[in-house]
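K.L.:
Please see the structure below; I have some questions.
Every number here is computed from the coordinates shown, using simple stated rules; none is lab data. Treat the numbers as computed from the prediction; the structure is a model and nothing was measured. Heads up, the Cβs are rebuilt from the backbone with ideal geometry, glycines too, and the neighbour counts pull from every protein chain shown.
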Amino acid sequence: MKNKPFITRYVAKKRLGLIFQGLKKLEKIIPKNNIKILDVGCGDGYFTRAIRNKGYTIVGIDLQTPDTASWISFKPDYIMDATNMTFKDNTFDAVISLEVVEHVQCIPEINRVIKPGGLFFCSTPARNTEWVRHIVVWLHLLENQDFEHHDYIEDLHKCCMKVLKYRKMFLGTSQFGILTKN
């Protein structure tokens, strides 16, 4: 993360802090060593490793591996399609999916694998804001990411889960939500 642009590092640290706050609240209900977490689209493994390093049990899935994508140096625990996961219903106490749901319609599948009352940590772009991201990338303040194929940008308030916490991040271009399965 050290070599990433300033805004990329700042937003990642903010998201990680919000995830840890949510997991601490979950620990009041479930002992830490019993909490099962899934990272959907774990990518370079930044969040998976950071959460593992804090003593949580977390599984990372992605379709990309170091063999298929040059920007990835992290090998996911499972190579798996987020729209058709092989996990049983109600398996995970928490699911993390950061900058993934805009690429694939996986929220219904996440809803299937998360336990009732479980926490879903999600970030996704806000509608009609990608032009701001392009400018910030041009200024070298944000990582040059694939902004195409954002065919499934959702308003987190309108998805199939209840929003517990919601905030706009990065100049209002990104949504971060903590949701729960009804």
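K.L.:
Between Val100, Tyr10, Asn33, whose Cα lies farthest towards the positive end of the dipole of the chain when Lys and Arg beta carbons carry +1 and Asp and Glu beta carbons carry -1, centred on the Cα centre?
P.N.:
Of the listed residues, the answer is Asn33.
K.L.:
Can you give me the relative contact order of the range 74-134 as a percent, contacts being Cα pairs under 8 Å and 6 or more apart?
P.N.:
This gives 38 percent for the range 74-134.
K.L.:
If you don't mind, there's one more thing I want to ask. Which longest uninterrupted range of the chain lacks any GluC sites (Glu not before Pro) assigned by DSSP to a loop state (not H, G, I, E or B) and surrounded by at most 15 other Cβ atoms within 10 Å?
P.N.:
Answer from the scan: 28-147.
K.L.:
At R0 = 30 Å, how high is the FRET efficiency between Glu27 and Asn182 if r is their beta carbon distance? Nearest 0.05 is fine.
P.N.:
0.85
K.L.:
Sticking with this one: Taking neighbour Cβ counts within 10 Å as the exposure measure, how do Ser73, Ser174, Ser123 sort from fewest upward?
P.N.:
The most exposed by this proxy come first: Ser73, Ser174, Ser123.
K.L.:
I would also like to ask the following. Which of the trypsin sites (Lys or Arg not before Pro) across the range 1-100 are loop residues per DSSP, with 16 or fewer other Cβ within 10 Å?
P.N.:
Listed in order of number, the matching sites are Lys2, Lys28, Lys54, Lys88.
K.L.:
Most fluctuating residue of Leu23, Leu164, Leu119 in a GNM of the chain with Cα springs under 10 Å: which is it?
P.N.:
Per the Cα network of the chain with a 10 Å cutoff, Leu164 tops the list.
K.L.:
Here's another thing I want to ask about it. If you plug each phi of the range 90-106 into the Karplus form 6.51 cos²θ - 1.76 cosθ + 1.60 with θ = phi - 60°, what whole-Hz ³J(HN,Hα) values come out, in order, with x for Gly and Pro?
P.N.:
For the range 90-106, the Karplus curve yields 6, 8, 10, 7, 8, 10, 10, 8, 10, 6, 10, 5, 6, 8, 9, 7, 10 Hz.
K.L.:
Taking the Cα centre of the chain as the origin and placing charges on Cβ (Lys, Arg +1; Asp, Glu -1), which of Val137, Val113, Met169 is farthest toward the positive end of the dipole?
P.N.:
Going by the charge dipole, the pick is Met169.
K.L.:
If you don't mind, there's one more thing I want to ask. I'd like the FRET efficiency for Lys88 and Lys162, computed as 1/(1 + (r/R0)^6) with the beta carbon distance as r and R0 of 30 Å, rounded to 0.05.
P.N.:
After rounding to 0.05, the efficiency reads 0.85.
K.L.:
If r is the Cβ-Cβ distance from Phe74 to Tyr10 and R0 is 25 Å, what FRET efficiency results, to the nearest 0.05?
P.N.:
0.75
K.L.:
Val95's amide H: which non-local residues (gap 5+, or another chain) put their own amide H closer than 5 Å, with H modeled 1.01 Å from N in plane and none for Pro or chain starts?
P.N.:
It is Leu38, Leu119, Phe120, Phe121, by chain and number.
K.L.:
Please report Rg over Rh for the range 32-71, where both radii come from the alpha carbon positions and Rh follows the Kirkwood definition.
P.N.:
1.03
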